[in-house]
Amino acid sequence: MHLWFGPITILDMELFSSEKNREPIKLPLPDAEAIYYPSFFTLEESALYFEILNSKTPWQQDDIKLFGKTYPQPRLTALYGDDDKSYSYSGIEMLPKPFSKTLKEIKLKIEKVSEVKFTTVLLNLYRDGNDSNGWHSDDEKELGINPFIASVSFGTNRMFHLKHKQDKNLRYKLLLENGSLLLMKEATQHNWQHQLPKSKKIKESRINLTFRILKKPYN
Ligand SMILES: O=C(O)CCC(=O)C(=O)O
Ligand SMILES: [Mn+2]
């Protein structure tokens with residue numbers, strides 16, 4: 001499964017999907033622990049959840065600051081949590097809304113396989129291939145030392161890139177499919193960054209949910 005491009009190793013996870021391997025896959029990332037469940041939700045569940053979340057979420061578009069200039073974030077977001085503590089990332093402070101019935105249902109299903117309880121979920125709506133999420137780690141101090149992130153995808157498939165922070169030759173690509181779940185735990189956020197790049201070809205929307213655990217006490 002390794003494709004060699006000069007000194008850079010790229011693991012093309014599209015190959016896994018085209019082989020119709022629907023079993024969970026432990027990603028072969030050094031210094032990380034990440035497990036991908038290609039069909040965690042059925043097609044029917046995924047279509048229903050996409051429809052409800054797309055139409056019922058109070059989506060917002062915040063501004064981000066890059067090199068002193070302000071830009072609208074290239075996607076829409078919403079935050080839900082089990083209390084009213086704010087969550088800050090990339091200079092944006094968000095106040096959570098209480099979990100909806102749909103989000104509670106999804107959270108319970110994810111918690112069964114994750115064996116942890118999540119406190120918070122950040123929703124991203126990528127309206128089409130012009131929307132994106134730049135290189136970052138989910139390593140805000142509120143998430144503690146080894147953050148446990150459960151990332152759910154509904155809607156159109158999008159590529160997800162990972163790069164090692166120290167070893168610049170280690171880069172991986174994974175196709176995040178409709179109805180999939182990606183668990184990232186242990187030192188993944190410490191050693192790796194991820195991004196969801198733009199793609200000119202994509203005209204359809206995708207909704208992503210990243211379940212997180214906010215540690216208490218936080219300030
Ligand atoms: O949309 C995705 O798959 C990635 C989302 C993400 O990295 C984030 O919200 O922190
Ligand atoms: Mn992230």
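The table for this structure:
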| read-out | value |
| --- | --- |
| Spin-label proximity, residue 71 to segment 184-217 - amide N less than 17 Å from point 7 Å beyond Cα toward beta carbon | 194-200 |
| Total formal charge among the other residues, if their Cβ is under 11 angstrom from that of residue 165, Lys/Arg +1 and Asp/Glu -1 | -1 |
| Unit charges at the beta carbon, dipole of the chain: most positive-side option, 36, 95, 183 | 95 |
| Listed residues 188, 102, 77, most fluctuating in the chain (Gaussian network, C-alpha, under 10 Å) | 102 |
| Computed over the chain: relative contact order in percent, which uses C-alpha pairs under 8 Å that are six or more apart | 28 percent |
| Out-of-range pairs (alpha-carbon distance over 30 Å; input 56/168; 65/104; 26/97; 26/117; 69/109; 56/198) | 56/168; 65/104; 26/97; 69/109 |
| Kirkwood Rh and Cα Rg combined as Rg over Rh, evaluated for the chain | 0.94 |
| Cβ-based exposure ranking for 120, 57, in which fewest neighbours within 10 Å come first | 57, 120 |
| Size of electric dipole in the chain: Cβ of Lys, Arg +1 and of Asp, Glu -1, about Cα centre, debye, nearest 20 | 340 debye |
| Net charge contributed by nearby residues that have their C-beta within less than 10 Å of residue 143 (K/R +1, D/E -1) | -1 |
| Cβ-based exposure ranking for 75, 158, 127, in which fewest neighbours within 10 Å come first | 127, 75, 158 |
| Counted charge near residue 104, where neighbours are those whose Cβ lies closer than 15 Å (Asp, Glu -1; Lys, Arg +1) | +2 |
| Cα shape, segment 81-126, gyration tensor, a/c 1.5 rule | prolate |
| For 55, 46, 88, 137, order by how many other beta-carbon atoms lie within 10 Å, fewest first | 55, 88, 137, 46 |
| Extreme residue, positive dipole direction of segment 2-212, given options 130, 166, 119 (C-beta unit charges) | 130 |
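Where a number appears in this text, it was derived from the coordinates with a stated rule and is not lab data. Just so it is clear, the model here is predicted, and its values are computed rather than measured. Every residue, glycine as well, gets a Cβ built from its backbone with ideal geometry; the counts of neighbours run over all protein chains shown.
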